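Any read-out appearing in this document is the output of simple, stated calculations on the displayed coordinates, not a laboratory observation. These numbers come from a predicted model, not from an experiment. Glycine also receives a Cβ, built like all others from the backbone with ideal geometry; neighbour counts cover every protein chain displayed.
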C-alpha cells in the first residue's frame, strides 16, 4: 500500500487542506494525457472530513505529487 511520506498542503474543492503523512494513495494509470500516471488519495471519507464537502470528493480525484509518495 502506498502512503504519503510527508504532509501535503493543497486546495481541494475550493478548500485549503493538509493531507497528513501516512495518508493512503493509489496510482491511476494513464490519468493524464500529458502527465501520464498520477497518484490520488484513496480515502474519500478523509477528504470529506477535511473539506466538510459531502458531494464533490465522491466524484473527483485529489492528486498528490509523486515525490510525496512512498510506494
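Annotations
- Summed over qualifying helices (DSSP H, 4 residues or more, each -39500 (n - 2.57)) and divided by its residue number, the chain shows a 222 nm mean residue ellipticity of -3000 deg cm²/dmol.
- Gyration tensor over alpha-carbon atoms, the chain, equivalent ellipsoid semi-axes in Å: 18, 15, 11
- What the Cβ-Cβ distance of residue 48 and residue 71 gives, at R0 = 25 Å and to the nearest 0.05, is a FRET efficiency of 0.50.
- Point-to-point label distance, residue 55-residue 40, nm (Cα→Cβ direction, 7 Å offset): 2.0
- Residue with peak Gaussian network fluctuation, the chain [Cα springs, cutoff 10 Å], from 15, 23, 34: 34
- Relative contact order for the range 2-70: 34 percent, from Cα pairs under 8 Å spaced at least 6 residues apart, divided by residue count.
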